Amino acid sequence: MVELILGKFNYLIAIALAMIGFYAMIAKSNLIKKIIGMNIFQTAVFLFYISIGKVHGGTAPIVWDKAVLYDNPLPHVLILTAIVVSVSTTAVAFALIIRIQKAFGTIEEDKIIEIKRNGYKGDME
Amino acid sequence: MSSVFITQSAAPVYAIGVSLAAVLLIKLSERNPNAREFWTIAASVIKFSIVASMVPAVLDGKVLGCTLVTIVPGLEIAFKVDALGLFFALMASLLWIITSFYSIGYIRAEKEHAQTRYYMSFAIALSATMGVAFSANLLTMFVFYEIITLCTFPLVGHKETPEAMAGARKYLTYLLGTSLLFLMFAIVLTYSAAGTLEFNNQGILDGNVSKAMAIAIFVLFMAGTAKAAMMPFHSWLPAAMVAPTPVSALLHAVAVVKTGVFVVIKIVLHVFGIKLLADIGLGTALAYYASFTIIVASMIALRQDNLKARLAYSTISQLSYIVLGVALLSPSGITGSVMHMVLHGFGKITLFFTAGAIYVATHKTNVSQLDGIGKRMPFTMAAFTLGAISMIGIPPMGGFISKWYLVGGAIEADHLPILLVLAASTLLNAGYFLPIIYRAFFLSPPEGESAEGICEAPKAMVIPLTLTALVALGLFFFPGVFLELARIVVAGATGGY
Amino acid sequence: MAIDILLLLILVIIAIAAIHMKDLLACGVLLGGYSLIMAVLWTNLNAVDVAFTEASVGAGITTVLLIAAISRTKRREDDPSPFRHKVQMSIIVLASTAVFVFALLDAPNFGDPNAPANQHVAPRYIHESSHETGVLNMVTAVLASYRGYDTLGETTVIFTAGMCLVMLLRRKNE
Amino acid sequence: MSIITSNFPVLLVITPLIVAVCIPLLGRINKRIPPVAAVVSTAFTLMVSIILLSTALDSGPISYWLGNWAPPWGIEYVVDTLSGFVLVVVAFMALMVALYTPGTIRDEVPNDKETTFYSLYMLLVAGLLGIVITGDVFNMYVFIEISSLAGYALIASGKKREALTASFNYLILGTVGATFFIIGVGLLYMVTGTLNMADLASRLPEIYDSKVVLTAFAFFSVGLSLKLALFPLHIWLPKVYTNAPSAVSSLMAATGTKVAAYALIRITLSVFDVEFSRSVDFGSILLVLSCAAIIAGSVLAISQTNIKMMLAYSSVGQVGYIVLGLALLNETALTGSLIHILNHALMKGALFMVVGIIVFRTGVEEISGLRGLGRCMPFTMAAFTIASLSMIGVPLTVGFISKWYLAVGAVEAGMWYVVPVILVSSVLTAVYFWRIVEGIYFGKAANVTLKGPTGLLVPTMIVAALCVVFGVAASVPVSVARLAASALLGGGGM
């Protein structure tokens, strides 16, 4: 157990962070909160990847004569891509939120559901 | 297995196609009723000639057939004309000619709406009936079976009143529901067990299934063919009475219910085979089950005042004769069964035609209103009498022949209780038909109605119904072709026994 | 390593605070802090390129977007969602956590040089990339060359997001 | 092979990408160019994918090394029977919907955004094609996100405000799904050190008992099931299909879930293998879920009054069919599953296209408003009827073929009790479609005024006609699907 926690501390924290974010994504009613959760979730997964690539005693994966061991560069590459994807998703999500605010006057999920239930079937704008 | 050599012939395709072509022509001549109805008649005559042209070859022992499309190997739309199929097709196409004339008379007299749709649906129904008759495998049969259901829906709901739509929906629910749920299930299981869907004289399941599986498949098949109107899947038939009378004739005598019993016969003889069914005792079970329907439906018929309802329950009962005969699994039983298909067809169509004629001439629908009508509609009621006698099975009417063979079949198969059933049902038949005849001819009409003077329906109706009655009479004396075909059916089915 | 552990614990605290606080702007600032500390942590883990990107893109652009969104909507989170909903979602989250932690039981230890992840494909990048591509930074080499099509995909994602924004936010030319 | 044909695999994805980038510029020159560009480029991708499929059938799987780096170091595109088959389906439906789009978006999307619409459309197509063709799990993630992002904006491009929330919900759940997917990728990378599918497939069997592998499998399955809208993870789907512009619902219903299904099949049977899927009892879980999906989808569809909503719930049920074949894990059932990818794309594509035409021409979305339309819109309604019959599974239509293989496969697997599920759902499907068909042909016509000429009918009729063509001449797609299925189950999937 101790070995599990010490040997995999990074992973455990990554999981904890991911799940905090995941919770916010699905349990929060406020749409912006959901997106904050999404960012925490995804960044935590990135931490998980970066931790996979770490080697004890390794140096940054840049060619250097004195290096004995390098860290694994592949997770870094993947996460560079993933960060951009994550930000793009966030941007689209915020755009949607702004439009939702304009159309419904609120960004709380439960209120939007209420508004929809109370009729008003019209096009926006 | 399939030792029978199939002679390639496109005739079955033509027989099916001719009324489909008629559908197109009918639609095109929508605005010209005479032309439209000419196409119907022409198609029916051509169809009959095509079917009849196949008789000599089949009597020779040949089997005609062809494959229309192969969906994937093992799933084919293919046709095969054997004695049994030809028998059914011959009857249906002959009755279509007569029904067409009658329809024209009835529909014109009643000034029905949507006549084009009516004739189109009718023509499709006949195509599909030929399709079932000539199907070479279960899939083809299933396809055409469903087409019949779908294209008769507009016929049953023709009037488009809420009542008619409700009846039509019930009709559709029973037929489509049972066939999708049970018939398809049975077909899937059959394919999985036998690896083929092709009909075969010895059956395709023998040796491929366990006893429990055979029983399961058999029960599913029987539940799936609701068109045979075996209880408890019979109540669509009385519900479908909302249809115009020529449609009822189509349902009861030509296409729908006959397709149901035809399918039952096919399944018993060509999917299971006599040997398998005898081995596991399913034939006997089916025979007794059919007996139950025969008796119960007759008893319900006794209590119906509406003429068409009485005829409908009579049909339910008579159909089970056909099932009973084939379930006896003996040569005479099968002969009786197959013969009853055609004899009941002519008898029952006469009865429905007369019911329609009475309605058109007097707008009466109930038995209790028919007092003294025999004097006003002598031809109609004479035909009715002939048809009823045929139904009861008294010589010299055709119905006697099938009863005779059924009795023989029961004795051959050593099921003496069945004889009691036949006797009881004959009495019941007499019980619900004879009072009508008695009322018509021997009671005086209700007050306020003139008893004198002929008041028949239009000729286009009276002539067909007289014809069918005469054919029902004639078949007693000249059952020739049909009996010969029945003999070939029996020889094929019992060949491997 | 102590600094790593400390940073990780701080991250957890910030994450919890960021989803707990009602003031969305404060949440946004916390999220920016989260990203920055993450970047520091990654630098410590020798993922300098990633850390740089996270600091600029994650902490920078995301925060700007968030503030822009808040300025166009509103600043406070309203009443929390119903308790039942929270419990249901917590169960889903706890189940996912359990599954994820379960995986760690068989996972190689953190930093193990002999872990399969560092053995199979990576050595070629480490040893050959400078010859094969002439780039000293292995991350750049892999990014631009070996897995260049991921980068093309990444660029496409940016373009897609741009088109999405045009679609969603551009006003009519009136 | 010339330089062009040898680069077909990459051209398949790059062409729509380039067109997507060019469309905003072309649209500035003339607003009529983007629709044409969309049609031409999707037609080109269709041609390419057909050539790729036939090459794969003739001479085995095609492996294309991007940047000429050998896998597993570089990214590999793979066209085998399975991916070739799905590529053709996606490209074909993309072409049909591209033909269909110009007619409907006039009404549904603000005028100044049409050009953007086409650009996003091409990005969506590129993303979907990329998911199918790639042989690298991380690359698959990137393409999933490209298609998803484009999808979110397309859904919200219409004028309905409900589309915004539908799109947002989809974004949340889609991102959860995609993030679960990369967690799965990360876990697999952790224990194998590779991202290439074929390489993974060869390295995984030694460590099948590792808890990491098990967990990765779980994350992949859940993540993709979310994208696939497998019951009970379907909650995002009905609102999306109902509120998105018709062209978008048509394309997404026809291809979106299919591609997710492809990804699930690819991961579970090709990256992992059938023994592993059997050993973790994957089949039984999926069996329960798919049967639940089939029944629940049909039941929910019956209770809808909005026709798009009805079709959407029916899709939930149809997804169940695709998963059912995967759950049964034998060749016949899997053939049924794969063939259903094509068949359902055709049927549901046709239905959504028809409904789009109805909405476009009458403005009616409620089922009760369709009465009597059979007389004023005979061809549209004929297409609807054909597709409905196909959904019910009437023989001679494509719906029958897939149901047949699934049912026979279920019996082969000894799970004959699945057959009633399929049949009951057929009956339920018959109920909800018959309700409409009866109203269309027998109802008294409501007072609807039809507006606008319609060029929408051509692609709709083509798709509807194919529902019958492939129902009759089913040998061609079935033989391809069977090859793919046997390759998947024989372990030689890649």
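Nothing in this text is a laboratory measurement; each read-out follows from the coordinates by a stated rule. Note that this is a predicted model, so its numbers are computed, not measured. FYI the Cβ positions are ideal-geometry reconstructions off the backbone, even for glycines, and counts take in every protein chain you see.
Brief remarks on what is shown
- Inverse mean reciprocal Cα-Cα distance (Kirkwood Rh) of chain B, Å: 22.3 Å
- Charge dipole (region B:281-497, unit charges on Cβ, about Cα centre) - positive-most of B:ILE463, B:THR293, B:ILE389: B:ILE463
- Helix C:148-169 vs. chain C, principal-axis angle (Cα, 0 to 90°, nearest 10): 10 degrees
- Region B:281-497: relative contact order as a whole-number percent, Cα under 8 Å and 6+ apart: 28 percent
- Relative contact order (%) - region B:120-202, alpha-carbon pairs under 8 angstrom, separation at least six: 29 percent
- The angle between the Cα long axis of helix D:418-442 and the main principal axis of chain D comes to about 20°, on a 0 to 90 degree scale.
- Helical contribution to [θ] at 222 nm, DSSP H n ≥ 4, -39,500 (n - 2.57), averaged over the protein assembly as shown, rounded to 500: -23500 deg cm²/dmol
- Shown for D:HIS340, C:HIS131, D:HIS234: other C-beta atoms within 10 Å of each C-beta, ranked fewest to most, produce the order C:HIS131, D:HIS234, D:HIS340.
- Chain D: C-alpha gyration tensor shape, a/c 1.5 cut-off, then a/b vs b/c: oblate
- Hydrodynamic radius by Kirkwood, which averages 1/r over all alpha carbon pairs of region A:2-117, in angstrom: 16.6 Å
- C-alpha center-to-center spacing [region C:68-130, region D:188-264] in angstrom: 17 Å
- Once the Cα atoms are used to define both axes, helix B:11-28 deviates from the longest principal axis of chain B by about 40 degrees.
- Loop sites by DSSP among the trypsin sites (Lys or Arg not before Pro) of chain C, restricted to those with at most 14 other Cβ atoms within 10 angstrom, leave C:76-169 as the longest stretch without any of them.
- Set of lysines with alpha-carbon distance to D:LYS444 below 16 Å, sequence-local pairs under 8 removed: B:LYS159
- Only the Cβ atoms of Lys and Arg (+1) and of Asp and Glu (-1) were treated as charged; on that basis the dipole of chain B about its Cα centre amounts to roughly 480 debye.
- Whether region B:281-497 is rounded, prolate or oblate, judged on the alpha carbon gyration tensor where a/c under 1.5 counts as rounded: prolate
- Gyration tensor over the Cα atoms of chain C: the corresponding equivalent ellipsoid has semi-axes (square roots of 5 times the eigenvalues, largest first) of 34, 27, 17 Å.
- Positive-pole candidate from A:ILE15, A:MET38, A:THR81, dipole of chain A, charges at beta carbon: A:MET38
- Ascending count of other beta-carbon atoms within 10 Å, so fewest first, for D:GLU76, A:GLU3, D:GLU206: A:GLU3, D:GLU206, D:GLU76
- Taking every alpha-carbon pair under 8 Å whose residues sit at least 6 apart, region C:119-174 reaches a relative contact order of 16 percent.
- Cα lying deepest toward the dipole's positive end in the protein assembly as shown, options B:GLN304, A:GLN101, D:VAL213, charges on Cβ: B:GLN304
- Put a plus charge on the Cβ of each Lys and Arg, a minus charge on the Cβ of each Asp and Glu, and nothing anywhere else: the dipole of chain D about its Cα centre is then about 1640 debye.
- In a reduced charge model with +1 at each Lys and Arg Cβ and -1 at each Asp and Glu Cβ, the protein assembly as shown shows a dipole moment near 3400 debye about its Cα centre.
- For region B:154-184 versus region B:34-64, the gap between their alpha-carbon centres in whole angstrom: 29 Å
- Cβ crowding within 10 Å, taken as a proxy for footprinting-reagent exposure, orders B:HIS340, B:HIS113, B:HIS415 from fewest neighbours to most as B:HIS113, B:HIS415, B:HIS340.
- Gyration tensor (alpha-carbon) shape descriptor, the protein assembly as shown, a/c threshold 1.5: prolate
- Loop GluC sites (Glu not before Pro), region B:398-497 (other Cβ atoms within 10 Å of the site Cβ: 11 or fewer; DSSP): B:GLU447, B:GLU452
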